[in-house]
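Here is the structure we will look at, set down as structure tokens.
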Amino acid sequence: MREKELIVYRTFQEKDLLTDMAWLMSHYEEAGRGALSAEGRPCGMEAVRALFYDCIHRLVELAGTYGFHGNLWHCYLANLLVNHENSYSRGCEIRGGIEGTINQAALHDIEIFKEFYDYDFEPMCLGLRVPEFRMIRHYESSSLESKVYNTRICARICKLAEDLRRDDTPEDMKDTLTRFYREYGVGKFGLHKSFRIVHGSGELIRPILNIAHVKLDDLVGCELQKKKLRDNTEAFVSGRRANNCLLFGDAGTGKSSCIKAIANEYYDRGLRVIEVYKHQFQDLNQVIGQIKGRNYKFIIFMDDLSFEDFEIEYKYLKAVIEGGLEKKPENVLIYATSNRRHLIRENYGDKTEDGHLPEIRQDMHTSDTVQEKLSLVYRFGVTIYFGAPDKKQFQEIVRALGERAGLDVPQEELLTEANKWELSHGGLSGRTAQQFIDYMIGSRSGGLL
């Protein structure tokens, strides 16, 4: 086999399995007879059989890790291709086929992968007396959640493996793979919707595997806010001018849920969301350096953003949003949520010449102090206020959520119980309404009501 002749698709995270399988395909007969001696390679029937069984073991482990099913060998190969970020795959992500000599290099590699796909393992299974490999061809995965992919991503990769198997020529395989890159992208940014910053893991940006599957239409009671956010996000993913967004207002009114919703709603159009916490602002330049050349649109999401007087992390954020020498990439926006309209705590002493604490040394330029503290919020071109609902709006939210959940409770009883609930569970808000509905569903299914 010609795995050493690969040009574009050359380095893989799980390359050892490919290397071992390729060696078995080429040498199992000679090595099984003891006629082949190679440094670091088994020689003799039992040693070669042991290597084959070890490869089967690794394929089964991959199935458990990724949730693969069907032909595990083909799924493994497909997974290598969809995760390999190179000049060809990155060029094709979201946009589709590209021009240039790189197509010839990519086709050369796909020809080698077709040899792997078309390889007949039956003679090897008979020669080495390893009939168990047949289970790898029709593997049924467990119902447990994958440790790496959710069900949706796993299904796409397994389907790609089947599509590549059915392709008659390397050219057909290349077209199939290019369509996959155009529809879903490549690597972690192509397969996942949202990400977080992680230190000490070998990768700064790591996928979030489980994100709530909420859509904007699922959120009740904030129609004007959703429209403003959707309009700005629609312009962004469509390649038009858009603004950084600040969602501010009362707790539990749907600010964070709206960000989760747009991550779900615009994923198919190339939108990705990276969650960054306040203590990670010093990593922002490195994060942007990794994403600015990609064909996706990225929202850097900062939840519950606010600063005390002594906290200076906001200065990193100001420089990234606007003000540094390097222009912020056009494929990056900042979306933040906060309970404060003014993100940095202000004191009365900031706005009076003598200050409110006479024992503290006074600021000689009070207007400069105020402007410094307001300069961050001014860098958000779109600000959206989320206010707590009044009693009538709260009841409308409860009624809508109850109907959506299929809760079979008389409306008068539902609203009476909701009014009792909000008095001792955080007051009037969409979050309180959802918590109440969850309580009602759990109580009735458990026989408590």
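Coordinate-derived values only; no laboratory data. All values derive from a computational prediction rather than experimental measurement. So basically every Cβ, Gly included, is an ideal-geometry build from the backbone, and we count neighbours across all protein chains shown.
For an R0 of 22 angstrom, estimate the FRET efficiency from the Cβ-Cβ distance between residue 196 and residue 234 and round to the nearest 0.05. Don't skip to the answer; put the middle values down first.
Values: r = 25 Å, r/R0 = 1.14.
Computed FRET efficiency for residue 196 and residue 234 comes out at 0.30.
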Place a point 7 Å from the Cα of residue 227 in the direction of its beta carbon; the residues of region 398-421 whose amide N falls under 13 Å from it are none
Per the 1/(1 + (r/R0)^6) rule, R0 = 30 Å and r from the Cβ atoms of residue 423 and residue 339, FRET efficiency to 0.05 is 0.90
Under the 7 Å Cα-to-Cβ spin-label approximation, residue 443 and residue 26 lie apart by a distance in nanometres of 7.0 nm
HN-Hα couplings for region 25-30 via Karplus (6.51, -1.76, 1.60; θ = phi - 60°), in whole Hz with x for Gly/Pro, come out as 4, 8, 10, 4, 5, 5
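Sorting check: for 58-69, 10-21, 83-94, 284-295, which peptide has the highest mean count of neighbouring beta carbons within 10 Å, and how do the rest follow?
83-94, 58-69, 284-295, 10-21
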Residue-ordered couplings for region 388-405, obtained by feeding phi - 60° into the Karplus form 6.51 cos²θ - 1.76 cosθ + 1.60 and rounding to whole Hz (Gly and Pro as x), are 5, x, 7, 4, 5, 5, 4, 5, 5, 5, 4, 4, 5, 5, x, 5, 5, 7
